Each structure stands twice: as structure tokens, then as C-alpha cells.
Amino acid sequence: MVDPAVSSPLRPFCCGCSAASCSEAPTRTMAATEIARQAGEGARAIPLSGHVGFDSMPDQLVNKSVNHGFCFNILCVGETGVGKSTLMDTLFNTKFEGEPTQHNQPGVQLKSNTYELQESNVRLKLTMVNTVGFGDQINKEDSYKSIVEFIDTQFEAYLQEELKIKRTLHSYHDTRIHACLYFIAPTGHSLKSLDLVTMKKLDSKVNIIPIIAKSDAISKSELTKFKIKITSELVSNGVQIYQFPTDDETVAEINSTMNGHLPFAVVGSTEEVKIGNKMVKARQYPWGTVQVENENHCDFVKLREMLIRVNMEDLREQTHTRHYELYRRCKLEEMGFKDTDPDSKPFSLQETYEAKRNEFMGELQKKEEEMRQMFVQRVKEKEAELKEAEKELHEKFDRLKKLHQDEKKKLEDKKKFLDDELNIFKQKKTAAELLQSQAQQAGGSTTLKRDKERKNSGFL
Ligand code: GTP
Ligand code: MG
């Protein structure tokens with residue numbers, strides 16, 4: 001039997017694949033036949049006549065894993081003030097930074113913090129992601145979206161790293177969410193629709209562990225009913241929560257018992273209170289003390305055991321083999337990659353690439369031809385437009401020319417008419433002047449004659 005605490009870190013490296021997909025780590029006690037069986041048909045089991053040394057592989061792997069360190073990412077989803085930060089501080093026996101959130105956030109945001117923790121000689125890179133402003137909006141319809149987006153972004157980053165020619169997965173900081181602690185408010189009634197919708201949207205993307213927060217606010221009998229109600233609502237709405245694995249016989253019993261206790265009813269506190277002669281984490285009330293680590297008071301210890309001590313590696317493994325695999329498959333299929341052709345025959349990546357490339361080139365050529373046709377059409381249209389405009393200009397010019405000629409002719413006629421008038425006038429004027437001068441001459445001789453006659457008559 002392998003101690004789960006020791007065997008767990010081995011899993012991702014048990015066949016050197018680092019894919020966390022192997023379920024069994026090799027042990028020193030394995031018989032040759034067993035090894036042959038695991039190696040598959042065709043491998044012949046032969047006995048060793050002496051010690052060789054490859055039985056140190058598990059130790060080598062442990063050393064390698066310990067030197068490399070571990071990484072674990074927790075997402076806390078829950079309404080503002082439901083007790084997320086306090087529970088995290090209590091779980092990891094430390095005080096993580098973070099200020100309480102106000103209830104006036106316009107939307108849900110995700111805030112991520114990474115810490116380096118060390119216990120004995122084991123280093124853990126812990127990332128805690130918190131939902132800020134969850135449940136604070138009047139319209140909560142889109143509350144789950146930013147959480148789903150965040151989880152997908154982490155998957156996408158990992159996929160992009162995997163698809164690189166030059167991969168650095170060994171030193172890559174894996175930010176994929178391994179466990180989602182879903183904080184249910186201790187209403188004692190039933191799940192809110194926001195909780196159901198959010199869990200439903202998340203269940204295929206992350207390992208959900210539902211917990212009843214601030215469970216000291218609920219009486220024992222109400223809590224039992226509340227747990228039953230929550231479980232039945234999750235089942236009737238088809239929400240898949242994380243089940244502690246029961247396939248490893250070393251933890252099967254404890255895990256199956258714990259599955260029956262879900263959702264865990266927890267209390268968080270970092271305050272130390274003296275009980276008897278021991279300092280324990282507790283919450284003190286006027287009527288008594290709730291001890292966080294007392295299993296008669298709440299399920300905090302169960303949560304810590306299941307989340308950290310027993311199933312941390314399984315959560316990491318499930319994230320990789322189930323949730324990430326699903327994301328990767330959908331994404332690659334979306335991009336047109338398939339394992340088989342329409343006749344269900346295996347289809348290699350190279351063939352998919354060639355097919356995609358040909359499809360792309362065909363589309364490109366089609367687009368080019370369309371654009372060329374469009375260009376020719378446009379040029380033709382423009383030419384026709386220009387010709388039409390030229391024709392119109394010519395017509396306009398001719399019209400104006402004719403108008404000008406008509407006007408000119410009219411003016412010339414008018415001028416001729418006026419010249420004629422002027423000539424007639426001049427002739428008339430000359431005749432008038434002549435007449436006037438003749439009249440004057442005639443008038444002058446008559447006056448002289450009259451003066452002479454008057455003189456003669458004696459008037460003068
Ligand atoms: P935000 O980060 O602001 O969303 O809040 P949070 O969810 O991190 O809650 P936080 O841990 O800051 O706790 C909010 C208040 O609830 C604090 O006054 C805590 O002392 C109190 N609290 C936390 N855990 C419990 C609990 O288990 N029971 C009770 N009764 N109160 C708790
Ligand atoms: Mg907080």
C-alpha cells in the first residue's frame with residue numbers, strides 16, 4: 001500500500017509524460033508479472049537474479065517533484081462578505097492580504113493572488129482567485145460570465161503553451177483552476193437561482209466543491225435539512241459537483257464517506273481561543289464558542305482533509321484529464337482538427353493541416369477572383385459614369401453655344417435697328433436745323449422791313 005500523501009505527487013510523472021494522466025504509480029513491491037501485465041501484451045516477464053536499482057524510481061520521482069515544487073489554484077465563488085477570505089486564512093493557517101469588498105461593484109470581477117507557501121520541505125505555489133462583487137448587482141443574469149471567461153482564459157493560455165514549437169511546460173506557471181469552492185449563503189431555505197445557474201455553467205469546466213458558509217448561523221436540524229435540499233436541487237438541475245475519488249483503495253472509504261457529507265458546512269476564524277489548556281481556532285459568542293476544528297461543530301476539518309491532505313493531487317489530475325481535455329478537444333475541433341475523417345479512418349495532424357491549408361488557399365483564391373471581378377466591374381461602372389458625364393457636358397456646351405449665338409444675333413439686330421434709328425434721327429435733325437436756319441433768315445429780313453416802314457411813318 002502506498003501512503004496517499006506520498007503517492008499523490010508521483011502521479012503526474014509516473015510514466016514521464018507529465019500529463020497527470022496515469023492513475024497508478026509504480027511501487028517497489030510490484031511483481032514482475034504485474035509489471036508485464038501493465039506493460040501490455042507482448043512483454044515477456046523475466047526474473048532478475050539480483051538487485052538492479054530501478055526500484056528507486058518512486059524515490060527519484062518524489063525527490064524530483066519535491067525539488068520542483070507544486071502548484072495549486074483555488075477559485076472562491078461566493079457573495080460579498082460570505083466568508084471567503086476568512087475561510088482561506090483558516091485553511092492555510094496564515095493571513096493572506098485582501099480588503100473587504102464594497103457592495104457597489106458594477107459587475108463581477110476576478111482577483112487573483114499567488115503565494116509561495118512551504119510546509120516541511122514541500123513548496124506550494126498557491127493561487128487564490130476571488131470573485132469580487134458576486135451577487136451585488138440588481139441584474140445578476142451575467143454574473144457567471146466573467147467566471148467562465150476567467151477559467152477559459154487559463155485553459156487557453158495552457159493550450160497556447162502546449163501548441164508552441166518551443167514549449168516550456170516544465171517551468172510554465174499553470175494557472176488553470178484546480179478547485180472551485182462554491183460558498184452557499186446559510187439561508188436554510190434552498191439554493192438561490194444565481195447559485196444554480198453559476199454552478200451549472202461551471203460544472204464542466206472546474207471541480208466544484210460546494211460549501212455552506214458561516215454554518216454557525218444555522219441550527220443543527222436546519223442544517224441537515226438544508227444539506228438534503230441543496231443536494232436534491234443540484235441533482236434535479238443536473239449540476240455535477242466534484243466527487244472525491246473512490247477508485248484508489250487507500251482513500252476509497254474515507255472519500256465515499258465524505259461524498260455523503262457534501263456540501264460541507266464550514267465555519268472560518270483565525271481567532272485563537274483557550275479551551276481547556278489548548279489554544280484553538282474558534283468564534284466566540286455571548287452564548288458559547290464555535291470551534292472551527294471540532295467536527296461536532298462544523299465540517300471544516302472534513303473540508304481541509306479532503307481538499308488538501310487527501311485529494312489535492314486528484315483535483316489537479318481531474319483538471320488536466322477531464323476539464324482541460326474537454327476544453328482542448330472543443331477548441332481544436334473548432335479550429336477544424338479531427339482524429340478521424342468522415343469515414344472514421346484515422347486522420348493525422350499533418351493531413352488535417354494539409355486539408356485546412358488547401359481549404360484556406362482555395363478560399364483565398366476564390367476571394368481574390370471575387371475581388372478582381374469586383375474591381376473590373378467597378379472600373380467599368382466608373383468609365384460608363386465618366387462617359388455619361390462627358391456627354392452631358394458636351395450637350396450643355398452645345399446648348400450654351402446656341403444660346404450665345406442667338407443672343408448675339410438678337411443684339412446685332414437690335415444694334416442695326418438702333419443704328420438705323422440713329423441715322424433717321426440724324427437726318428431729321430439735320431433737316432430740322434436747316435429749316436430753323438432758313439426760318440431765322442426769313443424772320444430777320446421781315447423785321448428790318450417793318451422797322452423801316454415805322455421810321456417812315458414817323459413812329460420812330
Ligand atoms: P469579501 O471579500 O468582501 O467579498 O468578503 P469575504 O467573502 O471574503 O468575507 P470575509 O472573510 O471578509 O468575512 C466577512 C465577515 O464575515 C467578517 O466579519 C468575518 O469575521 C465574518 N465571518 C467569516 N467567516 C464566518 C463564519 O464562519 N461565521 C460567521 N458567523 N461569520 C464569519
Ligand atoms: Mg474577501
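The values are calculated or read from the model by the stated rules, or taken from the named source; none is laboratory data. Keep in mind the model is a prediction, meaning the values are calculated, not measured. All Cβ positions, even for glycine, are placed from backbone atoms using ideal geometry, and neighbour counts span all protein chains on display. The area values use the complete protein model at the heavy-atom level, side chains included, leaving out ligands, DNA and RNA. Shrake-Rupley method; radii C 1.70, N 1.55, O 1.52, S 1.80 Å.
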- request: Assess whether residue 142 counts as being in contact with a Ser or Thr (Cβ under 7 Å, 6 or more places away or on another chain) and modelled with pLDDT under 90.
  value: no
If we ask which residues in segment 124-176 are touching a residue at least 60 places away in the same chain (Cβ under 8 Å), of a type in the set (Val, Ile, Thr) and either open to solvent by 20 Å² or more (accessible area, probe 1.4 Å) or farther than 17 Å from residue 72 by Cβ (or both), their number turns out to be 2
Restricting segment 58-96 to residues that are away from ligand 1 (no atom under 16 Å from the Cβ) and open to solvent by 80 Å² or more (accessible area, probe 1.4 Å), the one farthest from the chain's Cα centre (by Cα) turns out to be 60
Considering segment 183-196, residues that are under 28 Å from residue 330 (Cβ atoms) and surrounded by fewer than 20 Cβ atoms within 10 Å (Cβ to Cβ), and then whichever is nearest to ligand 2 (Cβ to nearest atom), we arrive at 194
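Within segment 146-164, is even one residue assigned to a loop (DSSP other than H, G, I, E, B) and out of contact with any strand residue (DSSP E or B) (no Cβ under 8 Å at 6 or more places or on another chain)?
Of all residues in segment 146-164, those assigned to a loop (DSSP other than H, G, I, E, B) come to 164.
Still in the list and also out of contact with any strand residue (DSSP E or B) (no Cβ under 8 Å at 6 or more places or on another chain): 164.
Yes, segment 146-164 has at least one match.
Being open to solvent by 50 Å² or more (accessible area, probe 1.4 Å) and either at pLDDT 90 or above or within 12 Å of ligand 1 (Cβ to nearest atom) (or both) is the filter here; which residues of segment 105-118 pass it?
First pass over segment 105-118, keeping only residues open to solvent by 50 Å² or more (accessible area, probe 1.4 Å): 106, 109, 111-112, 114, 116, 118.
Correct list: 109, 111, 112, 114, 116, 118.
Just to be sure, is residue 102 farther than 25 Å from residue 172 by Cα, without any contact (Cβ under 8 Å) to a residue 24 or more places away in the chain and open to solvent by 50 Å² or more (accessible area, probe 1.4 Å)?
Details: farther than 25 Å from residue 172 by Cα: yes; without any contact (Cβ under 8 Å) to a residue 24 or more places away in the chain: yes; open to solvent by 50 Å² or more (accessible area, probe 1.4 Å): yes.
Judged against the criteria, residue 102 is a match.
For residues that are over 20 Å from residue 180 (Cα atoms) and assigned to a loop (DSSP other than H, G, I, E, B), scanning just segment 119-135, find the one that is nearest to ligand 1 (Cβ to nearest atom). Give the steps one after another, and end with the answer.
As a first pass, look at segment 119-135 and keep what is over 20 Å from residue 180 (Cα atoms): 119-123.
Checking which are assigned to a loop (DSSP other than H, G, I, E, B) leaves us with 120-121.
Numbers: 120: 28, 121: 31 Å.
Taking the candidates together, the pick is 120.
Can you pull out every residue in segment 104-128 that is in contact with a Lys or Arg (Cβ under 7 Å, 6 or more places away or on another chain) and of a type outside the set (Asp, Glu)?
To start, the set of residues in segment 104-128 that are in contact with a Lys or Arg (Cβ under 7 Å, 6 or more places away or on another chain) comprises 114, 116.
Selection gives 114 alone.
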Listed by first then second residue, the pairs whose first member lies in segment 429-452 and is surrounded by 10 or more Cβ atoms within 10 Å (Cβ to Cβ), whose partner is not small (Gly, Ala, Ser), with beta carbons under 9 Å and at least 6 positions apart or on separate chains, are 451/460
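Matching residues to (1) part of a loop (DSSP other than H, G, I, E, B); (2) surrounded by fewer than 14 Cβ atoms within 10 Å (Cβ to Cβ):
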{"site": "198", "(1), (2)": "no, no"}
{"site": "206", "(1), (2)": "yes, no"}
{"site": "223", "(1), (2)": "no, no"}
{"site": "230", "(1), (2)": "no, no"}
{"site": "255", "(1), (2)": "no, no"}
{"site": "267", "(1), (2)": "yes, no"}
{"site": "284", "(1), (2)": "no, yes"}
By residue number, the members of segment 87-111 that are more than 13 Å from ligand 2 (Cβ to nearest atom) and either on the phi > 0 side of the Ramachandran plot or not aliphatic (A, V, I, L, M) (or both) are 92, 93, 94, 104, 106, 107
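Per-residue answers, yes or no, for (1) part of a loop (DSSP other than H, G, I, E, B); (2) loosely packed, with under 15 Cβ neighbours inside 10 Å:
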site: 304; (1), (2): no, no
site: 314; (1), (2): no, no
site: 327; (1), (2): no, no
site: 330; (1), (2): no, yes
site: 333; (1), (2): no, yes
site: 336; (1), (2): yes, yes
site: 343; (1), (2): yes, yes
site: 353; (1), (2): no, yes
site: 356; (1), (2): no, yes
Going through segment 255-288 in order, the residues found to be under 21 Å from residue 224 (Cβ atoms) and of a type in the set (Val, Ile, Thr) are 257, 266, 267
